[in-house]
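J.: What follows is a single structure, and I will ask about it in a moment.
What follows is calculated from the coordinates using simple rules that are stated; it is not laboratory data. Since the model is a prediction, treat every value here as computed from it, not as a measurement. Cβ sites come from the backbone with ideal geometry, for glycine too, and all protein chains shown count toward neighbours.
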Amino acid sequence: MASIRQLRSGNWNAQVRKAGCKPISKTFKTEVEARRWAFELEQEVTAGVARHDHTLQTIKEPYLQTQEGRGGYDAAVLRLRHLEAFFGSMALRSISPHDLERYKRKRGEKVSPSTVRLELQLLSRLFKFTRRRFHAELTDVFQYVELPKANPPRDRLITRVELFRIVNDLPPLMADVVRIAYETAMRRSEITRLTPEDIDLDNKQLLVRQAKNGHPRLVPLNTNARGILAKAIEGKSKGDCLFPVEPKSVTRAFKRACHRLKIEGLCFHSLRHSAITRYAERGLSAAQLQVVSGHRDIKMLARYLHMKPQAVVHLLD
């Protein structure tokens, strides 16, 4: 049962109720939008009530629609593929702690504990989504299962000598992507989406239209980064990609270069850790580092800082 009411602010609030469950509400600028949302939600709830046996196949599309445009979408699609391969058409309500333990054991034979942990965390979110969206009565089976421990955070930083060797080993396009990552702390997907209209060399900044958290952000550019980007822009039209390569290809190329050069312990994301740590050692404050990295949470930023005592000892006297 839906109720629509106008608030003092002039906005319209829609609320959908189902017996035995908490009401779901949302506020809109117009009454039409509120009524449309309420109608669509009622249709979903009705469909969900009629279909008690929700499976991964039946809920994955509605769930992925809520994730479009957000960071981690591609990873969620991949993890869902592995979850589906194991659980198949099992009803979510029939998945038991024993099934989760079996998944941990079987999947753990092929991938790292951290990967298994991320996949089970996604499955837990899918349970919560199904309860919220379809008012499904699902037991929280995850409270009875201990998730595998996450891998320790990366603390391996790239040295300037290693950077020089890798850049000189890679084709020019890949080398420029690596150099931009090292100078700006940008993620691979952010770099490969850049177009000339995102670059503002006059104000020494560029625009990331969609970061991992789903929000746009401005990235400050140092002299080296501006030089690389100025060269990349030459001859490009507004909508052209400055670095027309797939993010996965960047990762593979970096990994292969490290293998050829016998450099161990590095991955492409190490460049982001290295850049953030390097700027911290130069004296940037936490707030200034957040401008560089794009982190909104200071705790997450801290995971990227790997400063050694030698970097701060000169500040103590």
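J.: Determine, from the Cβ-Cβ distance of L78 and E101 and an R0 of 25 Å, the FRET efficiency 1/(1 + (r/R0)^6), rounded to the nearest 0.05.
T.: On the way: r = 23 Å, r/R0 = 0.90.
Here the calculated transfer efficiency is 0.65.
J.: What does the extension gain come out to for Q310 and E61, with contour length at 0.36 nm per residue minus their alpha carbon separation? Could you put the intermediate results ahead of the total?
T.: Working: separation 249, 0.36 × 249 = 89.64 nm, distance 5.08 nm.
That works out to 84.6 nm of additional length.
J.: Just tell me the longest site-free run in the chain, where the sites are trypsin sites (Lys or Arg not before Pro) in a DSSP loop having at most 10 other beta-carbon atoms within 10 Å.
T.: Value returned for the longest uninterrupted segment is 9-109.
J.: Just to confirm the number: angle between the C-alpha axis of helix 56-67 and the first principal axis of the chain, 0 to 90 degrees, nearest 10?
T.: Orientation of helix 56-67: about 60 degrees from the principal axis.
J.: Rounding to the nearest 10 and keeping the result within 0 to 90°, find how far the Cα-based axis of helix 270-281 lies from the longest principal axis of the chain.
T.: Computed tilt is about 70 degrees.
J.: Applying the Karplus parametrisation 6.51 cos²θ - 1.76 cosθ + 1.60 with θ = phi - 60° to the phi angles of segment 130-143, what ³J(HN,Hα) value in whole Hz is obtained for each residue in order, glycine and proline being reported as x?
T.: Couplings: 5, 5, 6, 6, 10, 6, 6, 8, 10, 6, 7, 5, 6, 5 Hz.
J.: Right, another one. For F28, what residues show an amide H to amide H distance below 5 Å, using hydrogens built from the backbone and excluding near sequence neighbours?
T.: Close amide H contacts, sequence-distant or interchain: W12, N13, A14.
J.: If you average the C-alpha positions of segment 224-264 and of segment 87-165 separately, how far apart do those two centres end up, in angstrom?
T.: A separation of 32 Å, based on Cα centres.
J.: Between E197 and S94, what's the calculated FRET efficiency when r is the beta-carbon distance and R0 is 35 Å? Round to 0.05. Please list the in-between numbers first.
T.: Working: r = 51 Å, r/R0 = 1.46.
The calculated FRET efficiency here is 0.10.
J.: Among A91, A76, A34, which one shows the biggest mean-square fluctuation in a GNM of the chain, springs joining Cα atoms closer than 10 Å?
T.: A34
J.: To continue, here is another question. Between T251 and R226, what length in nm is gained on full extension when 0.36 nm per residue of separation is reduced by their alpha carbon distance?
T.: 6.7 nm is the gain from fully extending T251 to R226.
J.: Using only helices, what value at 222 nm comes out for the chain when you add -39,500 (n - 2.57) per DSSP H run of length 4 or more and divide by the total residues, to the nearest 500 deg cm²/dmol? Present the calculation step by step, with values, prior to reporting the outcome.
T.: Values: 13 runs with 159 residues, N = 317.
After summing the helix terms and dividing by residue count, I get -15500 deg cm²/dmol.
J.: For a quick check: with amide H placed at 1.01 Å from N, whose amide H comes under 5 Å from R303's, ignoring anything fewer than 5 positions away on the same chain?
T.: Here nothing satisfies the definition.
J.: Which entry is the computed P(r) over Cα pairs in 10 Å bins from 0, in percent for this structure: [x] 5, 20, 24, 23, 19, 9, 1, 0; [y] 6, 24, 32, 24, 11, 4, 0; [z] 6, 27, 38, 25, 5, 0?
T.: The listed entry that was calculated here is [x].
J.: Please determine, in degrees from 0 to 90 and to the nearest 10, the orientation of helix 172-184 with respect to the longest principal axis defined by the Cα atoms of the chain, where the helix direction is its Cα long axis.
T.: With both axes taken from Cα atoms, the answer is about 80 degrees.
J.: Given S293, L170, L56, which one lies farthest toward the positive end of the charge dipole of the chain, if we put +1 on the Cβ of every Lys and Arg and -1 on the Cβ of every Asp and Glu?
T.: L56
J.: Using the Karplus curve 6.51 cos²θ - 1.76 cosθ + 1.60 with θ = phi - 60°, what ³J(HN,Hα) values do you get for each residue of segment 209-215, in whole Hz, with x for Gly and Pro?
T.: Couplings: 6, 8, 7, 4, 7, x, 9 Hz.
J.: What range in the chain is the longest one free of GluC sites (Glu not before Pro) that are in a loop by DSSP and have at most 15 other Cβ atoms within 10 angstrom?
T.: Numbers: sites that count: E68, E109, E137, E146, E234, E264.
Here the longest segment lacking exposed loop sites spans 147-233.
J.: What's the extension gain from R36 to L207 if we count 0.36 nm per residue and subtract their Cα-Cα distance?
T.: Values: separation 171, 0.36 × 171 = 61.56 nm, distance 3.46 nm.
My answer for the length gained is 58.1 nm.
J.: Work out from phi, with θ = phi - 60° and the Karplus expression 6.51 cos²θ - 1.76 cosθ + 1.60, the ³J(HN,Hα) of each residue of segment 93-98, listed in order in whole Hz, and give x for Gly and Pro.
T.: 5, 9, 6, 10, x, 4
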